[in-house]
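Notes for the one structure printed next.
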Amino acid sequence: MSDFIPTIGLEVHVQLKTKSKMFCSCSTDFGAAPNTNICPVCTGQPGVLPAKNKRAIELAVRAGLVLNCRIEKYSVFARKNYFYPDLPKAYQISQYELPITRDGFVKLSGKKIGIIRAHLEEDAGKLLHYIGSVPVDGSLVDLNRCGVPLLEIVSYPDIDSPETAFEYLKTLRRLLRYAEISDCDMEKGSLRCDCNVSVRRSVDEPLGVKTEIKNMNSFREVREAIAYEIERQKKVLSDGGKIYQETRLWNGRKGVTVEMRRKEEAADYRYFPEPDLTPIFIDEKIIEEQRKLIPKLPAERKEKLFEMGLSEYQVDVLVEERKLCDYFIAASENSNPKEVANLIITNLLGEMNKKRLDIEEVKLNPLFVGELADLKASGKISAQVVKRIFPQMFEKNIPPSQLLKNLNIVSDEGKLEKLVWEGISENSSAWEDYKMGKEKASGRIIGWVMKKTRGSSDPATVKKILERLKDEKDFDN
Amino acid sequence: MDRDGILRIAKLARLEIEDGKIEKFTEEFNKILSYFEKLGEVNTKDISPFLLKNENVLREDEVIRFKDRDRILGNAPDRQDDFFKVKKVIEE
């Protein structure tokens, strides 16, 4: 099979973080009982008028800034006409010729992916064909989602592999979450992604016929679906076949894309400017207000974390969620950053996982994590002690020093030395062997001290003391 | 607008036109179109849409619950529990 070059473009829909819908005051709550968040406007009753949600427009401007787009001073809504039962008005209010933002890019590790446009629109309703597992003798419509504000982000076909598509989506999601534009939760439908895929034999040829793939439920599935579709197209073309412009559905269970509808003629949506809505005017004031609300973004934070000496893995984990990163920065302000990163990734995330908590729900003061990190870094307490006290710190928000006192944890070297001397006199034969150079013999004395302190002393510290005592003895002799 | 054009528009609008009436519709449709053509006589080049003020008309992002959703559900030709019910939509 001769080599083919894939060309991929993504259309990503994200739900904007608003309380109410795009053109009416119904709630956007996810998971509400069917048809509870509906009103005459979003169900398309005669004689109603839409009214633009201010926050949705502000969030679109913020998204434009984060995506390095040009923010248009003047943009308009348009009607996209088609019939489907999830769309009661028989048109979707979207943007066509004059979108609110365009011409941007998202920076990945190796390259830039261009953004053609990011425009506002409203979501459609949801169709149900089953109740539980029982098929309905028709289709059921829930219009709770109908009218929820979306931002459609259209990339240039700058993506050349499934892996790059995956990285683009992860980067995009991180940006939109950091700036609190969208939750980007695919499971809750607040992020959806359609992919346009084509292949050609060389860059000198025009682009091949593209197919559009839909119905992926995770970023991993997007990557798999694109990889499958590229191979499918290569095979068809290598066998002398033809690619048709069509929409294909990803079947995650079987790992294949299946033809859904073939586009024999271009869909005729008869777009025209929405006569019920005035244009959107964006001035510098709105842009500056939104710019101020954008926090330091992941790329900049990554650099800072690398400078602090963290590993690539640590940086990736900490930068993924803004609030986790904020927590790390607060905890490491005056403490050993590497140790803080360790504690957060191993212990804090571990506890959060066990209790199924988000970082917002964590009560533990980050400064206490910093304190613990320093105790650990200076060797005053061992990894075992950290493991033992962390759950209590986490649950009750108690500083480690207090817990160590309560637990009677011995971190004071003077106190420990006394205990080591006791251990030596209780295990005099082991001490003699150790002094003769039998390293292993030290284990009995360390074990004795550990037992005496009920595991609350650090074996490494005990060993260090023991070594020092041995050397001092040598010197005496 | 010719016969094919009328059939295409009818299809897009989900309208069924009896064979015998296609000619009549074509004629009427063309009359309407030529009436609107008059608007094309006015030169609107470089003239932007008329607005009283170039400022945003916006709504605050607040939730107001609509209290009479049963009337909306009742307006639909068919319902099942709290859903609108429509003819089976084939999705696969």
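Key figures
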{"item": "Extension gain (nm, one decimal) between A:K235 and A:V258, 0.36 nm per residue minus Cα-Cα", "result": "6.8 nm"}
{"item": "Amide H partners (placed H, <5 Å) of A:N251, local residues excluded", "result": "A:V256, A:T257, A:V258"}
{"item": "Spacing of the two label points (7 Å from each Cα toward its C-beta) at A:S429 and B:M1, in nm", "result": "11.0 nm"}
{"item": "With DNA, RNA and ligands ignored, accessible area of A:F30 (1.4 Å probe; Å², nearest 10)", "result": "130 Å²"}
{"item": "With every protein chain in place, chain A: carbon and sulfur % of accessible area (1.4 Å)", "result": "50 percent"}
{"item": "Chains B and A, summed buried accessible surface - 1.4 Å probe, Å², nearest 100", "result": "3700 Å²"}
{"item": "Reachable aspartates and glutamates from A:K323, criterion Cα separation under 12 angstrom, eight or more residues apart if same chain", "result": "A:E180, A:D358, A:E360, A:E361"}
{"item": "Antiparallel %, DSSP beta bridges [both residues in chain A], to 5", "result": "95 percent"}
{"item": "For chain A: rounded, prolate or oblate by the Cα gyration tensor [a/c cutoff 1.5]", "result": "prolate"}
{"item": "Förster radius 22 Å - calculated FRET efficiency between A:E288 and B:N56 (Cβ-Cβ, nearest 0.05)", "result": "0.90"}
{"item": "Computed FRET value (nearest 0.05) for A:D276 with A:K323, which takes r as the C-beta separation and R₀ as 56 Å", "result": "0.90"}
{"item": "Over chain B: helical MRE at 222 nm, DSSP H runs n ≥ 4 each giving -39500 (n - 2.57), nearest 500", "result": "-12000 deg cm²/dmol"}
{"item": "All lysines inside 25 Å of A:K418 as judged from Cα atoms, apart from same-chain residues fewer than 8 positions distant", "result": "A:K376, A:K380, A:K405, A:K435, A:K438, A:K440, A:K451, A:K452, A:K463, A:K464, A:K470, A:K473"}
{"item": "Rounded, prolate or oblate (a/c below 1.5 giving rounded, otherwise prolate when a/b exceeds b/c) for the stretch B:52-92 by Cα gyration tensor", "result": "prolate"}
{"item": "Drop in accessible area of at least 10 Å² in the complex versus isolated chain, residues of the stretch A:135-161, 1.4 Å probe", "result": "A:V136, A:D137, A:G138, A:S139, A:L140, A:V141, A:L143"}
{"item": "A:H129/A:D29 FRET efficiency (R0 35 Å; Cβ-Cβ; nearest 0.05)", "result": "0.90"}
{"item": "For A:E97, solvent-accessible area (1.4 Å; no DNA, RNA or ligand), Å²", "result": "140 Å²"}
{"item": "Computed label-point distance, nm, for sites B:N75 and B:E27 using a 7 Å Cα→Cβ extension", "result": "3.8 nm"}
{"item": "Whether the stretch A:307-406 is rounded, prolate or oblate, judged on the alpha carbon gyration tensor where a/c under 1.5 counts as rounded", "result": "oblate"}
{"item": "In Å², nearest 10: area of B:D70 left accessible to a 1.4 Å probe", "result": "90 Å²"}
{"item": "32 Å Cα-Cα threshold exceeded, pairs from A:K112/A:K210; A:K254/A:K296; A:K89/B:K67; A:K21/B:K24", "result": "A:K254/A:K296; A:K21/B:K24"}
{"item": "Inter-probe distance in nm under a simple model that places probes 7 Å from Cα toward Cβ, at A:T247 and A:R201", "result": "3.3 nm"}
{"item": "Average accessible area per residue (Å²) across the protein assembly as shown - probe 1.4 Å, nucleic acids and ligands excluded", "result": "56 Å²"}
{"item": "Karplus-derived HN-Hα couplings along the stretch B:68-75 (A = 6.51, B = -1.76, C = 1.60, θ = phi - 60°), whole Hz, x at Gly and Pro", "result": "10, 5, 4, 5, 5, 4, x, 6"}
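The values are calculated or read from the model by the stated rules, or taken from the named source; none is laboratory data. Just so it is clear, the structure is predicted and the values come from calculations on it, not from any experiment. Note that each Cβ is placed from the backbone with ideal geometry, even for glycine, and that neighbours are counted across all protein chains shown. Accessible surface is based on the protein model in full, side chains and every heavy atom, while ligands, DNA and RNA are left aside. Shrake-Rupley method; radii C 1.70, N 1.55, O 1.52, S 1.80 Å.
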